[in-house]
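The values are calculated or read from the model by the stated rules, or taken from the named source; none is laboratory data. Owing to the predicted nature of the structure, the values given are computational and were not obtained by experimental measurement. Please note: Cβ atoms are built from the backbone with ideal geometry, for glycine as well, and neighbour counts cover all protein chains shown.
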Amino acid sequence: MSSNHAQGTRDSDRLSAAFAASERAAPRADCPQPDELWAAVSGELAAGSRRAVVRHIAECRSCAADWRLAAQLAPVPSAAPVTAPSGQRKPWRLAVPAFALVFACVAVFAHLRRPPSPTVPVAYRTPASQGSPHGQPARCAAVDCVLRWTAGPRGTRYRLRITTPDLRVLAVLDDLESPQYSVPPEQLTGMTAGSVLLWQVDRVDADGQVVSSATFKTTLE
Amino acid sequence: MGGNRACAASENAVDKKRGGYDVCSMANPLDTAMVALPCDAGYETLRQDLARAVTRVCPPWLADQVDDLTHVAMMRVMKLAPRGDRDRALSRGYLTKVAYTTVVDEIRRRRRRREVSLEDNCGASEARGHGFGAPPIDPEQIASGREIGAQIGDCLARLSDSRRLAVTLHLQGHTLRQSAALLGWTAKRTENLIYRGLADLRKCLAAKGISP
Ligand SMILES: [Zn+2]
């Protein structure tokens, strides 16, 4: 390999890696939801909608990264095979995904060396929407355990799911009118002091809009 | 408190099987709608399958969150149960999708809080391939990459729409066949757009003093 070619490959690799890495970028308000990205990558969306998503990832580094992750996991559709004209494919272009991957993954280890970020005091977190309900208490007695969360506007209904940490379902409640639920002691049969309840609330407003809470942890006393 | 329904999974008889999972159902006493939740052994199997899916999706820097994220994913599957989506919910492909959406939501949450850079967002399988002991990253390389990345974004925006779409998928690592299928174009057209689009991109970057 000539030194010129080697230099060209290094330069191309930098370009390729830069597209994958780019600057830090937060998701935007108009970003497609992850399930829409997944549907686009796997060909479930109509062609016009897929192109709209690709148009977005061309200008949104955050979604471009999410797209690459989906492409590793989802079945990506393929068209009929076409032979590329000779001479059009240069080696640096073939190195795009490989080097981008190396670059991105090496950065992971730089990140791992950083001290861990402070975490919220809830063991099991759902990526909750802004303004989602807060829940309490952190501890309660088995004979009098009342779960409470932030109320929504008048007319709001609530859905509640309660499980154990090993995901045994204790209760699923729909259409609660009040932002609280008194857990019947019989639903806690067999649970001892120190046992943990995990629970999550959906707040359903009068228009049917749903805001999900984080998953809360309540320890039995 | 009105209109409630509660299901203690262990108390419900297993009355159907979907996708290999036992599903226990009960009638809503108020509207006779059915609540379907996997229970007992079926539930544990589903949890294990979801945990595997989450592990596969999760980047290494989120590895310590696999249990949390599996729980969140489990909650999502449970929420889907009453919506007539049970068959899909219990397929392997669907579990992977649920795992993906759960993990990406968490990644986005952290990006909003600037806890993580985009370079960190790579799949677990690839990252493990480069494993611990990978060479330390060069900060200058990162800074340089980011600067060039911004210029690439600027140049991409200047391409014609069809060339921009084709080049974007190419830079994302898709094959020609995949790009053609994703864009809904013939392979010949897609190849032509990639070729011309890359030429435009290089020209634009060269004008900015960047020469790949
Ligand atoms: Zn976006």
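What to note about this one:
- Of all the criteria given as (1) modelled with pLDDT under 90; (2) within 10 Å of the ligand (Cβ to nearest atom); (3) farther than 23 Å from B:Ser160 by Cβ, the one not satisfied by A:Ala17 is (2).
- Just one residue in the set A:Arg28, A:Arg68, A:Arg55, A:Arg51 is near the ligand (Cβ under 9 Å from one of its atoms) and either more than 7 Å from chain B (Cβ to nearest Cβ) or under 21 Å from B:Ile194 (Cα atoms) (or both); that residue is A:Arg28.
- The residues listed here are B:Ala134, B:Ala89, B:Ala51; of these, the one that is more than 9 Å from chain A (Cβ to nearest Cβ) and at pLDDT below 60 is B:Ala89.
- Candidates in the stretch B:179-192 are the residues that are touching a helix residue (DSSP H, G or I) at 6+ places or on another chain (Cβ under 7 Å) and at the interface with another protein chain (Cβ under 7 Å from one of its Cβ atoms); of these, the one that is farthest from A:Arg61 (Cα to Cα) is B:Ala187.
- Number of the condition not met by A:Leu73 [criteria: (1) more than 10 Å from the ligand (Cβ to nearest atom); (2) under 23 Å from B:Arg110 (Cα atoms); (3) at pLDDT 90 or above]: (3)
- Test: residue in the stretch B:60-69 that is at the interface with chain A (Cβ under 7 Å from one of its Cβ atoms), farther than 22 Å from A:Leu160 by Cα and modelled with pLDDT under 85: yes
- Taken over the stretch A:31-48, the criterion of being under 17 Å from A:Cys60 (Cα atoms) and outside any loop (DSSP other than H, G, I, E, B) is satisfied by A:Pro34, A:Asp35, A:Glu36, A:Leu37, A:Trp38, A:Ala40, A:Val41.
- Tally of residues being part of a strand (DSSP E or B) and at pLDDT 80 or above across the stretch A:170-195: 5
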